[in-house]
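Asker: Quick one: structure below, then a few questions.
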There are 2 protein chains.
Amino acid sequence: MDETETAPSPSRADSSRSRLVEAAVRAFAEKGFHGTTTRDIATGAQMSPAALYVHHRSKEELLFVISREGHLATLELLRRARAADPDPAEQLRQAVRDFAVHHARGHTRARIVNYELAALSEPHLAEINGLRRAIDAELRGIVVDGVATGRFACPDPRIAAAAVLSMGIDLARWYREGGGWSPEDVGERYAEIALRIVGA
Amino acid sequence: MDETETAPSPSRADSSRSRLVEAAVRAFAEKGFHGTTTRDIATGAQMSPAALYVHHRSKEELLFVISREGHLATLELLRRARAADPDPAEQLRQAVRDFAVHHARGHTRARIVNYELAALSEPHLAEINGLRRAIDAELRGIVVDGVATGRFACPDPRIAAAAVLSMGIDLARWYREGGGWSPEDVGERYAEIALRIVGA
């Protein structure tokens with residue numbers, strides 16, 4: 001019996017939780033959410049299935065934890081970019097570069113986060129959709145500010161923002177290590193492309 | 001017992017097959033591939049589960065049929081766009097507009113096609129991946145031609161083509177009827193954005 005099953009100390013519990021999250025990411029990436037059993041995840045984290053339930057109520061809750069972490073990280077990097085510089089062009093450059101680097105580095109996780117949304121429970125999906133709306137709003141805010149201040153010229157800021165966001169999201173689908181581009185290469189290129197899209 | 005279960009005439013068989021495909025699209029969209037039973041699909045097509053198996057070997061085969069149709073339609077519209085005009089800018093405009101209109105109109109189907117790839121069997125996935133590579137190659141071909149002839153100016157044609165493709169693919173995720181844009185509106189805007197991306 002795994003010692004973490006009974007009264008885990010806080011730091012050991014944290015470490016077990018993150019091992020389980022890592023194992024869940026690997027299993028979901030390999031077999032999909034529906035093809036993964038809690039036993040697969042527990043085995044991947046070198047724990048017993050019972051130990052998994054000490055830390056997470058279900059496989060769905062692990063998916064939710066992965067999804068929330070991913071969306072919060074994206075939201076945070078967009079907010080940092082907006083706060084970093086008063087110039088919307090610099091905000092957009094940093095936002096798109098950081099988003100692309102983050103999604104390229106974490107493409108396995110990002111793919112799970114984007115492709116397994118339908119497996120979330122209704123309350124969890126509602127929370128994730130709230131984060132997605134906040135992400136949309138941050139990016140759209142940069143484009144709208146840029147148009148309002150005359151820094152950007154584009155006929156429809158909302159469509160332009162949707163296109164920029166799509167580039168970032170879909171990166172998780174196509175990006176692979178060894179494809180000839182580092183995450184930083186893609187980040188720089190995507191930032192230039194976003195500035196073209198908004199007519200900076 | 002449904003009369004199509006035994007010796008269906010060719011035209012009646014076609015009609016049954018397309019009813020099953022339509023019912024599968026509705027069921028997969030509502031419940032996801034893994035949450036859908038063959039009974040759900042048969043009921044949606046007003047057939048018995050046994051009748052379903054006359055026309056399709058499995059739920060997975062229905063997904064494959066939907067996926068192949070969707071990818072073939074995209075490949076064909078890109079090929080038509082390339083053949084329609086010698087100017088790469090006009091090719092790109094038509095390609096992106098038609099792709100966006102097609103994906104916005106058929107966003108439910110396109111979402112299934114893009115998000116349930118992991119549920120395909122290995123040989124079916126290999127065939128779909130072949131079509132996806134052909135789609136990539138058509139779009140990249142337009143951008144490369146445009147750069148070669150000096151019609152486009154962009155630092156990395158492959159990244160530019162990937163960004164344009166991402167816009168089109170991810171449209172299926174965010175587009176909804178009643179969101180304020182017709183498929184044609186989005187098509188026109190996306191065509192303009194694609195021309196900005198490649199520096200036409």
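Taken together, the values in this text are just the output of simple stated rules run on the coordinates, not laboratory data. Because the structure is a prediction, the values reported are computed rather than measured. Neighbour counts are summed over all protein chains in view; Cβ atoms, including those assigned to glycine, are modelled from backbone coordinates with ideal geometry.
Asker: Quick check: net charge around A:E22, other residues with Cβ under 12 Å of its Cβ, Lys/Arg +1 and Asp/Glu -1?
Answerer: Here the charged neighbours net out to +3.
Asker: Quick one: Kirkwood hydrodynamic radius for segment A:38-87, alpha-carbon pairs, angstrom, one decimal?
Answerer: One over the average 1/r among Cα pairs gives 12.9 Å for segment A:38-87.
Asker: Tell me, what is a quarter of the convex hull surface for the C-alpha atoms of segment A:1-119, in nm² with one decimal?
Answerer: Working: hull surface 33.0 nm².
Hull-based average projected area comes out at 8.3 nm².
Asker: Quick one: which residues, 5+ away or cross-chain, put their amide H under 5 Å from the amide H of B:A200? H built at 1.01 Å from N.
Answerer: For B:A200, the qualifying residues are B:A153.
Asker: Can you work out the FRET efficiency for the pair B:E184 and B:A137, with r the C-beta to C-beta distance and R0 = 22 Å, to the nearest 0.05?
Answerer: So the FRET efficiency works out to roughly 0.25.
Asker: If each residue's Cβ is checked for other Cβ atoms within 10 Å, how do B:I112, B:I142, A:I66 rank with the fewest at the top?
Answerer: A:I66, B:I112, B:I142
Asker: Still on this structure, please answer the following. In whole Hz, with x marking every Gly and Pro, tabulate ³J(HN,Hα) for segment B:135-143 from phi via Karplus 6.51 cos²θ - 1.76 cosθ + 1.60, θ = phi - 60°.
Answerer: Whole-Hz 3J(HN,Hα) from phi for segment B:135-143: 5, 3, 5, 4, 5, 5, x, 4, 5.
Asker: Next up: Within the set of other residues whose C-beta is less than 10 Å from the C-beta of B:S182, count the net charge using Lys and Arg as +1 and Asp and Glu as -1.
Answerer: For residues surrounding B:S182, the net value is -3.
Asker: Using a 7 Å offset from the Cα along the Cα-to-Cβ direction at both B:W174 and B:R57, what is the distance between the two label points in nm, to one decimal?
Answerer: Using points 7 Å along Cα→Cβ, the separation is 4.0 nm.
Asker: In addition: Put the label 7 Å from Cα along Cα→Cβ for B:S58; what are its distances to the other copies, in nanometres, shortest first?
Answerer: From this label point to the equivalent ones elsewhere in the assembly: 2.6 nm.
Asker: Once the cut-off is 17 Å, how many percent of the Cα-Cα pairs in segment A:138-200 end up in the long-distance tail?
Answerer: Taking all Cα-Cα pairs of segment A:138-200, the fraction more than 17 Å apart is 42 percent.
Asker: Same structure again: What FRET efficiency do you get for B:A50 and A:R26 if R0 is 45 Å and r is their Cβ-Cβ distance, rounded to the nearest 0.05? Provide the component values of the computation, followed by the final result.
Answerer: Values: r = 40 Å, r/R0 = 0.89.
After rounding, the FRET efficiency stands at 0.65.
Asker: Normalised by the number of residues in segment B:109-200, what is the relative contact order in percent for Cα pairs under 8 Å and 6+ residues apart?
Answerer: Working: 44 pairs, mean separation 29.8, N = 92.
Relative contact order comes out at 32 percent.
Asker: On alpha carbon coordinates alone, what is the Rg over Rh value for the protein assembly as shown, Rh being the Kirkwood radius?
Answerer: Numbers: Rg = 22.9 Å, Rh = 22.8 Å.
Result: Rg/Rh = 1.00.
Asker: Next question, about the same structure. I'd like the mean, over residues of B:158-165, of how many other protein chain beta carbons sit within 10 Å of each residue's own Cβ.
Answerer: Mean shielding count: 6.
Asker: What is the diffusion coefficient of chain A in µm²/s, taking the Kirkwood radius over Cα pairs and the Stokes-Einstein relation at 25 °C with a viscosity of 0.890 mPa s? Provide the component values of the computation, followed by the final result.
Answerer: Numbers: Rh = 18.2 Å.
Translational diffusion coefficient: 135 µm²/s.
Asker: Return the calculated 222 nm mean residue ellipticity for the protein assembly as shown, to the nearest 500 deg cm²/dmol, obtained by summing -39500 (n - 2.57) across DSSP H runs with n ≥ 4 and dividing by the residue count.
Answerer: Working: 18 runs with 308 residues, N = 400.
After summing the helix terms and dividing by residue count, I get -26000 deg cm²/dmol.
Asker: Follow-up question, since we're still on this one. Taking R0 as 25 Å, what's the FRET efficiency between B:A84 and B:L125 from their Cβ-Cβ distance, rounded to 0.05?
Answerer: 0.20
Asker: While we're here: Using a label position 7 Å from Cα in the Cα→Cβ direction, what is the ascending list of nm distances from A:D185 to the same site in the other copies?
Answerer: Shortest to longest, the spacings are 3.9 nm.
Asker: With contacts defined as alpha carbon pairs under 8 Å and 6 or more residues apart, what's the relative contact order of chain A in percent? List each step's numbers first, then the result.
Answerer: Values: 227 pairs, mean separation 47.5, N = 200.
Reported relative contact order: 24 percent.
Asker: Okay, next question. A:T37 versus B:S9, label points 7 Å from Cα toward the beta carbon: distance in nm?
Answerer: Using points 7 Å along Cα→Cβ, the separation is 5.0 nm.
Asker: Let me ask you something else. Please give me the summed charge of the neighbours of B:T37: other residues whose Cβ is under 10 Å from its Cβ, Lys and Arg +1, Asp and Glu -1.
Answerer: Numbers: positive: B:K31, B:R39, B:K59; negative: B:D40.
Charge balance in the 10 Å sphere: +2.
Asker: Taking the alpha carbon gyration tensor of segment A:51-166, what are the square roots of 5 times its eigenvalues, largest first, to the nearest whole Å?
Answerer: 31, 14, 11
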